[in-house]
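Here is the structure we will look at.
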Amino acid sequence: MDVDAKHIKLYQNSNIVLNALKYQLEQENISCIIKNNTDSARLAGFIAGDNDNDLFVFEEDAEKAKIILANFLAKKD
């Protein structure tokens, strides 16, 4: 992994949906990070919606991750 690698936001939704997507990405050896904005806001004393959480992937994995995301969303509907 490149030391200067950057993350990009792939998708925003609830933690439940993002954890299911994370599992799919990890099955294809794509590392990702979930930023839980809901808990961060709650801990700071603010209110945030349940769908305000973000999933990030490395830029170099973005194209493959977008295909997995499209398949994931197609199955979800």
**OP:** Quickly estimate the mean residue ellipticity at 222 nm for the chain, helices only: each DSSP H run with n ≥ 4 gives -39500 (n - 2.57), and the total goes over all residues, rounded to 500.
**Re:** -14500 deg cm²/dmol
Original post:
When the chain is treated as a GNM, springs tying every alpha-carbon pair under 10 Å, which of 64, 35, 22 comes out with the largest mean-square fluctuation?
Top reply: 64
**OP:** Name the residues whose placed amide hydrogens come within less than 5 Å of the amide hydrogen of residue 11, ignoring near sequence neighbours (fewer than 5 apart) on the same chain.
**Re:** 55
**OP:** Would you mind calculating the relative contact order of the chain from Cα pairs under 8 angstrom and at least 6 residues apart, reporting the percent as a whole number?
**Re:** 41
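Dipole of the chain, Cα-centred, from +1 at each Lys and Arg C-beta and -1 at each Asp and Glu C-beta, to the nearest 20 debye? Walk me through the numbers before you get to the answer.
Values: 9 positive and 13 negative charges, 56 e Å.
The calculation lands at about 280 debye.
Each reported figure results from applying straightforward, stated rules to the coordinates on display, with no laboratory input. Not measured: the values here are computed from a predicted model. Methodologically, a virtual Cβ is constructed for each residue, glycine included, from the backbone with ideal geometry; neighbour enumeration extends over all protein chains shown.
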